[in-house]
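First up is the structure itself, then whatever we jot down about it.
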Amino acid sequence: MNLKNGFITIPSRLFWWFESRLGFRKTLVPLATHPVPRGLGWWYVFGSANATLFFLQIATGISLALVYVPSTENAWETLRYLNEDVKLGWLLRAVHYWGAGVMSIMVMVHMSRVFLMAAFKYPRELTWLVGVGLILSTWGMVFTGQILRWDSDAYWAVGIGIAMAGRVPYIGPALVRLVLGGPMIGGDTLSRFFVLHVFVISGLILLLITVHLYLVLWLGISARPSQSKPVDPDTYHKEYEEQLKNGEPFFPNSGYKDLIFSALVIVVVLCIALIFGPKGPAKPPDPTWVHVEPRPDWQYRAIFALEALAPPYMDWWIMLIFPLVAIAILVLVPLAAPYGERRMNRRPVAVLSVVVIAFMFIALTWYGYRAPWSPHMYAWRSRAVPVDLVKKRSPTELEGACCFQNKQCRNCHALEGSGGKRGPDLTDVATRLNYDALVRQVVQGGGLMPAYGRQLSASEVEALVAFLRTLHTSDKPAAGEPAHFPG
Amino acid sequence: MSESQPDPNDQASEKKDEQEQPSSEELIDRRSLLGVLTRSAGTAIGLTTGIVATVASGLVVGVGLLAYICEPMFRGKQNGWADAGNIDDFRVHHTTLVNLMNPVRQPWDGAAGKIAIYVRRLAEQKFLVLNVNCTHLGCPVSWFPQSGLFMCPCHGGINHEDGSRAAGPPPRGLFHLKHRIVNHHLHVFLGHFPTLQEADTSSYEPEERFHYHP
C-alpha cells in the first residue's frame with residue numbers, strides 16, 4: 001500500500017471494496033440500463049411516482065406510529081397532541097393525509113394511462129392484474145387510514161361499513177362480528193383496522209409492487225401506441241426486439257424523467273400540506289353524541305352520494321353487487337381484449353369509457369360534498385324566516401310561518417335560498433301548488449318528504465297552508481283552483 | 001461395501017464390455033447402480049417427508065391463526081341488560097336520549113364502551129325503546145320533539161315518533177330493544193351493533209320492509 005497516494009485513492013478503494021462483494025455491475029447496472037423504445041415522452045412516469053408516494057407514506061406512517069396510540073381511549077388525544085404539542089407534528093399529519101390523497105389520484109391516472117395506451121395487452125396482462133390488486137389495496141389503505149383517525153367521522157364510518165357488510169346474505173352478521181372483532185364497535189375494532197392498515201395491506205402492497213416491478217422489468221416498457229402495430233402474439237416479440245434495437249438505455253436517458261416527476265410530486269405534496277394542514281381530528285368519537293354529521297374522506301364521497309341518491313330497492317345492488325361487478329370488469333379488461341389495436345383514435349369505446357367514468361366520479365364526488373339530501377339539522381332555529389315573507393301577513397299566516405320553523409320544515413326546505421336543500425325551495429311554492437295541492441303535500445308527503453299529517457293538528461295544517469299560499473311574488477299570481485270538468 | 005476390494009471379475013467383464021457397449025458414458029456396474037438407487041430412494045423419501053412436514057406444520061399454524069382471527073364470527077348475538085334509570089324520570093309521551101355503558105364492552109374500550117338509546121314512555125308502565133342507529137346504514141338519528149320526527153344526517157332517512165319509517169332510504173323503521181321494568185327501573189337488553197339481518201333484541205316485527213332481494 002502506497003501511503004503517499006493512500007488518501008486520494010480512498011474513494012476508489014471504497015468503491016471496489018463494495019463492488020467486489022455486491023456485484024452490481026453484473027446485476028443492477030444492466031437492469032437499470034436495459035433498453036427501452038425511443039420517444040416515450042413523459043407519459044410513463046406515473047408508476048414510479050406511485051412507488052415514491054407509497055414510500056413517503058411508509059416514512060410518515062412510521063413517524064406517526066411513534067406517537068399515535070391505537071386505543072379507543074387514547075387515539076384522539078394522541079392526534080391532538082401531534083397537532084398542537086409536537087413540533088411540526090401537524091405537518092407530519094398533513095403530509096400523510098395529503099400524500100394519501102395525491103396517491104389516490106396518481107394510481108387512477110396511472111391506470112388510465114395504461115388503459116388508454118392499451119399497455120395491458122399481450123404480454124402484459126398479468127402486470128395489469130397485479131395493478132388491479134394494487135389499486136384495490138390503495139383504496140383499502142385509504143379506508144382503514146381514515147378509521148385510524150378515530151374521530152366522530154371515523155367511528156360512524158365503521159358503522160356504515162359494517163351496516164353494508166351486514167346486508168350480505170347469510171354470512172352478514174358473522175362478517176359484521178369479524179370486522180368489529182366483537183359484538184360492537186370497540187377497542188378490538190380499532191386494533192383490527194390498525195393491523196390491517198399498518199401490517200396486512202401495507203405488506204400486500206409491498207409484495208405486489210415487487211411482482212409488478214419484476215414483470216415490468218422482464219417484459220420491458222411498452223412502446224407508444226403510435227409507434228406500434230396492433231398486438232399479434234405471433235409477431236409481437238420480434239417487433240418489440242426491433243424497437244429495442246433502436247432503443248436507448250432506461251437510465252439515464254429515460255429514467256431522469258421519473259426522478260424529476262417523483263421529486264416534483266413530493267414537492268407538491270409538501271406544498272399542499274403546508275397550505276392546507278392536517279385533517280382533523282374532528283369531534284372525539286363518543287357513541288352518545290348523536291348530533292353529528294358523519295362524512296367520509298373525499299375518496300369515498302362518490303359512493304356516499306350514490307347511496308343517498310339511489311332508490312331503496314337499488315341499495316342492495318349498489319352496496320354488494322356493484323363493487324364486485326366493477327372489480328370483475330377491471331380484471332377482465334386484459335382477458336377480453338388481449339390483442340389488437342392500441343392507438344386511442346382507433347379505440348373509441350375505451351376512450352369514452354375513461355371520459356364517462358372520470359366525469360361520473362367527479363360529478364358524484366362534488367355532489368357528495370353538496371349533500372343536498374341531508375337535512376340541515378339546525379336550520380329550523382338558526383335561520384329566521386326572511387322578513388319580506390312575514391310582512392303584512394294575517395295572524396293565521398304568521399302562525400303558519402312559526403309552524404314552518406318549529407316543525408323543522410326549514411331543515412329540508414329553503415326560503416330565499418337559505419335552509420335545507422332536501423326539498424324544493426318554497427319561496428315561490430304558491431305559484432306551483434294551489435290550496436288543495438298544498439294540503440295534500442303537507443298531509444301525505446311523498447318521495448323524500450314524510451307524511452306530516454301525523455305530526456300536525458288540523459289547525460296547524462290550516463295555518464301552515466295559509467302561510468304557504470302567500471309565498472309568491474307580486475308579479476306572479478298564486479295558483480288557482482282548476483275549473484270543474486264538464487259533465 | 002468396501003471400496004478397496006478389487007472386483008474378481010474385473011478383467012473378464014471389461015473385455016466383454018469393450019465388445020458390447022453402445023456408448024461409453026452410460027455404463028454402470030451393480031455397485032454404482034445400487035448406490036444411485038439408494039440415494040434416489042433416499043432423496044425421494046426425504047423430499048416427501050419434507051413436503052408433508054412443511055405442509056402439515058403450515059396448516060396447523062395457518063388454520064390456528066385463521067381460527068383466532070375469525071373467532072368473533074362464530075360468536076352468536078351478544079347482549080346484556082343495562083339499567084336506563086328510574087321510570088319516574090321519563091315523562092309520558094316524551095322521548096329521551098339515554099346514555100348507558102354497553103354491557104358487552106371490553107375494559108379498554110374507553111368512550112367506545114358507551115351506547116345511546118331513545119326511550120319513549122307511552123303510558124305508566126309502557127315504554128318504547130329504540131336504537132339510535134338509522135336502519136339504512138347505521139348513522140345516529142336526531143330526535144326533534146317539536147315535529148315528532150327522527151332525522152338522519154347521512155342520507156336523509158326520516159322516522160316517526162314510534163320509530164316507523166316516514167321517508168328516505170331506510171328500508172324499515174328504527175330497531176326496537178327488549179326492555180323490562182324491574183324495581184321501578186327500566187332495564188334494556190342491548191349491546192350488539194344492529195344490522196338488518198340481526199336487528200332488534202325484542203320480538204318486534206316491522207310491518208313494512210322493502211323487499212330488495214332479487
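Readers should treat all values here as calculations from the given coordinates under stated rules, not as data from a laboratory. Just so we're clear, the structure is a prediction, and the values are computed from it rather than from any experiment. Glycine also receives a Cβ, built like all others from the backbone with ideal geometry; neighbour counts cover every protein chain displayed.
Using Cα atoms only, what is the angle between the long axis of helix A:125-148 and the major principal axis of chain A, expressed in degrees (0 to 90) to the nearest 10?
50 degrees
Below 8 Å, C-alpha to C-alpha, sequence gap of six or more: please give me the relative contact order for the stretch B:97-214 in percent.
19 percent
Could you give the semi-axes, largest first, of the ellipsoid that matches the protein assembly as shown, computed as the square roots of 5 times the alpha carbon gyration tensor eigenvalues and rounded to whole Å?
Taking √(5λ) for each eigenvalue gives 65, 34, 27 Å, largest first.
Among A:376, A:479, A:455, which residue has its Cα positioned farthest towards the positive end of the charge dipole of chain A, with +1 placed on the Cβ of Lys and Arg, -1 on the Cβ of Asp and Glu, and the dipole taken about the Cα centre?
A:376
I'd like the distance separating the alpha-carbon centroids of the stretch A:175-204 and the stretch B:89-125, in whole Å.
Each part's Cα centre sits 27 Å from the other's.
Taking each residue in A:304-315, count the Cβ atoms of any other chain within 10 Å of its Cβ, then average. What number comes out?
4
When a/c is below 1.5 the answer is rounded, else prolate if a/b is larger than b/c, else oblate, so apply that to the stretch A:55-143 with a ≥ b ≥ c taken from the square roots of the Cα gyration tensor eigenvalues.
Prolate shape, in that a/c is at least 1.5 and a/b is the bigger ratio.
Check each of the trypsin sites (Lys or Arg not before Pro) in the stretch A:85-114 and keep only those in coil by DSSP with at most 10 other C-beta atoms within 10 angstrom; list them in order.
Loop-located and lightly packed - A:87.
In nm, to one decimal, how far is the residue A:260 label point from the residue B:32 one, both placed 7 Å along Cα→Cβ?
6.6 nm
Averaged across the residues of A:415-422, what count of C-beta atoms belonging to other chains lies within 10 Å of each residue's C-beta?
1
Which of the aspartates and glutamates could be linked to residue A:407 by a straight reach, that is with a Cα gap under 18 Å, when you skip same-chain ones fewer than 8 residues away?
Of all the aspartates and glutamates, those that pass the test against residue A:407 - Cα under 18 Å, at least 8 places apart if same chain - are A:397, A:399, A:425, A:460, A:462, B:161, B:162.
Is the C-alpha gyration tensor of the stretch A:344-487 telling us rounded, prolate or oblate? Criteria: a/c under 1.5 is rounded; beyond that, a/b larger than b/c is prolate, otherwise oblate.
prolate
Taking all pairs of distinct Cα atoms, average 1/r, flip it, and tell me the Kirkwood hydrodynamic radius of the stretch A:34-84 in Å to one decimal place. Before the final figure, lay out each step's value.
Working: mean 1/r = 0.0712 Å⁻¹.
For the stretch A:34-84, inverting the mean 1/r across all distinct Cα pairs yields 14.1 Å.
Quote the relative contact order of the stretch A:359-470 in percent (integer), defining contacts as alpha-carbon pairs under 8 Å separated by 6+ residues.
29 percent
Quantify how strongly other chains surround peptide A:170-179 by giving the mean number of their Cβ atoms within 10 Å of each of its Cβ atoms.
6
In whole angstrom, how far apart do the alpha carbon centroids of the stretch A:110-166 and the stretch A:359-419 sit?
37 Å
Please list, short to long, the whole-number percent of alpha-carbon pairs of the stretch A:278-352 in consecutive 10 angstrom bins beginning at zero.
13, 26, 27, 21, 9, 4
Among A:173, A:59, A:336, which residue has its Cα furthest toward the positive end of the charge dipole of the protein assembly as shown, with +1 on Lys/Arg Cβ and -1 on Asp/Glu Cβ?
Sorting the options by dipole projection puts first A:59.
Of the listed peptides A:68-78, A:378-388, what is their order by residue-averaged count of other C-beta atoms within 10 Å, with the highest listed first?
A:68-78, A:378-388
Obtain the nm distance between the two label points defined at residue A:339 and residue A:366 by a simple spin-label model: each point lies 7 Å from its Cα along the Cα-to-C-beta direction.
Label at residue A:339, label at residue A:366, 4.3 nm between them.
Do any trypsin sites (Lys or Arg not before Pro) in the stretch A:1-64 lie in a DSSP loop with no more than 11 other beta carbon atoms within 10 Å, and if so, which?
Values: sites: A:4, A:13, A:21, A:25, A:26, A:38; in loops: A:25, A:26, A:38.
Qualifying residues, ordered by number: A:25, A:26.
Please work out the FRET efficiency for the pair residue A:112 and residue A:382, using the Cβ-Cβ distance as r and a Förster radius of 45 Å; give the result to the nearest 0.05.
0.55
How would A:275, B:158 line up from fewest to most surrounding beta-carbon atoms within 10 angstrom?
Working: A:275 9, B:158 27.
Final ranking by Cβ density, sparse to dense: A:275, B:158.
Under unit Cβ charges (Lys, Arg +1; Asp, Glu -1), what dipole magnitude, rounded to 20 debye, does chain A have relative to its Cα centre?
Dipole of chain A, to the nearest 20 debye: 1120 debye.
Nearest 10 degrees, 0 to 90: what angle lies between the long axis of helix A:348-370 and the longest principal axis of chain A (Cα atoms)?
50 degrees
Give me A:27, A:127, A:396 sorted ascending by neighbouring Cβ count inside 10 Å, so fewest comes first.
The order, fewest Cβ neighbours first, is A:27, A:396, A:127.
By the gyration tensor of its Cα atoms, with a ≥ b ≥ c the square roots of the eigenvalues, what is the shape of the stretch A:183-242: rounded for a/c under 1.5, prolate for a/b over b/c, or oblate?
Cα axes put the stretch A:183-242 in the prolate bin.
I'd like the orientation of helix A:255-276 relative to chain A: the angle between its Cα long axis and the longest Cα principal axis, in ° from 0 to 90, rounded to 10.
30 degrees
Using alpha carbons only, how many angstrom separate the centre of the stretch A:1-61 from the centre of the stretch B:23-64?
So the separation of the two Cα centres works out to 42 Å.
Out of the trypsin sites (Lys or Arg not before Pro) in the stretch B:29-96, which ones are loop residues according to DSSP with at most 11 other C-beta atoms within 10 Å?
B:91
How about residue B:178: which lysines have a C-alpha closer than 17 Å to its C-alpha, ignoring those fewer than 8 places off in the same chain?
Qualifying lysines at Cα under 17 Å: B:77, B:126.
Check the straight Cα-Cα distances from residue A:229 and name the lysines below 23 Å, setting aside those fewer than 8 residues away within the same chain.
A:121, A:238, A:245
Among B:109, A:436, A:188, what is the fewest-to-most ranking by other Cβ atoms within 10 Å?
A:436, A:188, B:109
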